[in-house]
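Down below is the structure, laid out as C-alpha cells.
The numbers here are math on the coordinates, done by the rules we state, and not lab data. Please read all numbers here as calculations on a predicted model, not as lab measurements. Counting neighbours? That spans all protein chains shown, and the Cβs are built from the backbone with ideal geometry, glycine included.
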Amino acid sequence: MRFKIETMLWTGDAGTGTLTLIDQTRLPLELAELECVDVDLVWEAIKMLRVRGAPAIGIAAAYGVVLGTQNVAAENREAFFARLQQVADYLAGSRPTAVNLFWALDRMKAKAASLPKELSAAEIHAALLTEAKAIHAEDRAICHAIGRHGAELLKDGSGVLTHCNAGGLATAEYGTALSVFFTCQDQGKKLHVFVDETRPLLQGARLTAWELQQRGIPATLICDNMAGLVMKEGKVQAVVVGADRITANGDTANKIGTYSVAVLAHAHGIPFYVAAPISTFDLKLDTGDTIPIEERAASEITHGFGRRTAPHDMPVYNPAFDVTPARLIKGIITERGIISPVTQENIARALGGI
C-alpha cells in the first residue's frame with residue numbers, strides 16, 4: 001500500500017473532541033503534530049501556515065467551528081448561534097485569499113440554520129461535527145476524482161512541473177495537482193516531476209519534494225528562476241498547479257510565482273493546467289482583478305528562515321499570491337471533469353447547480 005498523508009484528524013465527540021494537524025512548518029526535517037484544543041489554536045495554525053492549502057484550510061476551519069462552539073453547547077439556542085457567528089467571523093480573518101475557507105464557514109452556518117427549531121444547542125453542535133466530517137470525507141473523494149480526470153492528460157514518460165504544494169498536505173488526501181501525479185503512478189505511468197522551490201517560504205522544496213519522495217516518484221528540485229530553462233531544454237511537457245481562488249471567467253489565484261510559470265509555459269508552447277475542486281470557484285467575482293491578495297510579513301523575505309539576507313531598512317513587497325489570467329490556462333481539472341477551453345460560459349456550464 002502506497003504512503004498516504006493524513007493532514008488532519010478529529011478525535012472524540014463534539015463536546016470534548018480535538019483536532020490534530022501535521023505542523024507543516026516543521027517539514028521536511030520533522031514530521032510533528034499539533035493538537036488543537038480550541039479555536040484560537042486553529043486560527044493560529046491557519047495564519048502561520050501550520051495548515052495550508054485551500055482545501056485543508058477549509059476543512060480545518062470547519063472543525064474550528066466545532067471547537068469554538070464547545071463552550072456554549074449546553075446553553076440556549078440564541079447564545080449558541082451568536083457564538084457560532086462570532087467564531088465564523090474570527091476564523092474568516094485568518095487568511096483572506098483561499099475561498100475554501102469562506103465556503104466551509106458558510107456551509108457550517110447554513111447547516112446550523114437548516115436544522116429543526118426544536119433541536120437543542122447540544123444537538124446542533126453534534127450536527128456541526130457531522131457536517132465537518134462530511135466536508136473532510138468529501139474532499140478526500142474529490143481529490144481522487146481530480147486525479148482520475150487529470151491523469152488522462154499526461155502521457156507515460158512525461159516531464160511535468162509544479163509550483164508550491166497542492167498535495168495531500170494541502171487537502172484531505174492525495175491533493176489536487178499532486179493527485180494527478182499520484183494517480184498516474186497508481187496507473188503505472190512513469191513521470192518525472194520538476195518541483196519549483198517556491199520562494200519565499202519554500203513550500204515546493206519543503207513539502208512537495210517531501211511528498212513525492214514518500215511516494216517514490218522521481219523528482220528534481222529547482223529554483224523558481226530555473227523553470228524557463230528546463231522548459232527550453234525540453235524536459236517539461238506539461239505544468240500542473242493548484243489554486244486558492246478561481247473567478248467566474250477562469251482567472252486563477254495561486255501561490256506567488258504561478259503567473260510567471262504560466263507565462264513561461266505559454267512562451268514555450270507547454271500546456272498549463274490548474275487542478276482544483278469546484279469549491280475553489282468564486283462566481284461572485286467576475287475577474288481576477290477583484291481577488292483579495294494577502295500580503296505577508298517583510299521578514300519572510302529579509303530573514304529567510306531566521307537569517308538576515310537583506311540590508312537593514314530595505315523596503316519589501318511580499319504578496320502571497322498572484323493571479324494567472326484564464327487565457328494562459330489550457331484547462332481546469334475539477335472533480336466533475338476538465339474545463340477546456342477556459343471560458344466563462346464553459347465554467348458556468350460545468351458548475352451548473354452549485
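Farthest towards the positive end of the charge dipole of the chain, among the residues 301, 325, 183, is the Cα of 183, using unit charges on the Cβ of Lys, Arg, Asp and Glu.
For 224, 313, the sequence from fewest to most other C-beta atoms within 10 Å is 313, 224. Projecting the Cα atoms of 337, 19, 32 onto the dipole axis of the chain, where Lys and Arg carry +1 and Asp and Glu carry -1 at the beta carbon, places 337 farthest toward the positive end.
Principal-axis analysis of the Cα atoms of the chain puts helix 54-68 at an angle of about 20° to the longest axis. Using only side-chain charges placed at the Cβ, +1 for Lys and Arg and -1 for Asp and Glu, the dipole size of the chain relative to its Cα centre rounds to 880 debye. Shape verdict for the stretch 30-87, please, from the Cα gyration tensor: rounded (a/c under 1.5), prolate (a/b greater than b/c) or oblate. Note, shape of the stretch 30-87 comes out prolate. Rounded to the nearest 5, what % of DSSP beta bridges with both residues in the stretch 149-350 are antiparallel? Just about 40 percent of them are antiparallel. Note on the chain: dipole from Cβ charges, positive end direction compared against 269, 80, 60; the farthest Cα belongs to 269. Extension gain, residue 297 to residue 233: 0.36 nm times the residue separation minus the Cα-Cα distance gives 19.5 nm. Among 317, 273, the order by Cβ neighbours within 10 angstrom, fewest to most, reads 317, 273.
Computed over the stretch 149-350, the percent of Cα pairs more than 30 Å apart is 18. Using θ = phi - 60° in the Karplus curve 6.51 cos²θ - 1.76 cosθ + 1.60, the 3J(HN,Hα) couplings for the stretch 173-181 round to 5, 6, x, 10, 4, 5, 4, 4, 5 Hz; x is entered for Gly and Pro.
In this Cβ point-charge picture (+1 for Lys and Arg, -1 for Asp and Glu), the stretch 1-135 has a dipole of about 500 debye about its Cα centre. The spacing between the stretch 129-144 and the stretch 230-265, judged by their C-alpha centroids, is 27 Å. Taking a ≥ b ≥ c as the square roots of the eigenvalues of the Cα gyration tensor, the stretch 15-118 is prolate, since a/c reaches 1.5 or more and a/b is larger than b/c.
What the Cβ-Cβ distance of residue 223 and residue 31 gives, at R0 = 25 Å and to the nearest 0.05, is a FRET efficiency of 0.50. With contributions of -39500 (n - 2.57) from each DSSP H run of at least four residues, the per-residue ellipticity at 222 nm computed over the chain stands at -11500 deg cm²/dmol. Among beta bridges identified by DSSP and lying wholly in the stretch 237-354, the antiparallel ones come to about 60 percent. Expressed as a whole percent, the proportion of Cα-Cα pairs in the stretch 78-212 lying more than 27 Å apart is 38%.
Only Lys, Arg, Asp and Glu carry charge here, each on its Cβ (+1 for the first two, -1 for the last two); on that basis the stretch 21-69 has a dipole of about 240 debye about its Cα centre. Rounded, prolate or oblate for the stretch 60-124? Axes are the square roots of the Cα gyration tensor eigenvalues, ordered a ≥ b ≥ c, and the cut-off for rounded is a/c under 1.5. Here the stretch 60-124 falls in the prolate category. Of all beta bridges that DSSP places with both ends in the chain, some 55 percent have antiparallel geometry. Relative contact order of the chain: 16 percent, from C-alpha pairs under 8 Å at least 6 residues apart in sequence.
Note on the stretch 149-350: lysine pairs with Cα distance below 25 Å, sequence gap of 8 or more or different chains, count 18. Among 59, 329, 135, the ranking by other beta carbons within 10 Å of each residue's beta carbon, starting with the fewest, stands as 135, 329, 59. Under a Cβ-Cβ cut-off of 15 Å, what is the net charge of the residues other than residue 14 that fall near it, where Lys and Arg count +1 and Asp and Glu count -1? Summing Lys/Arg as +1 and Asp/Glu as -1 gives -2.
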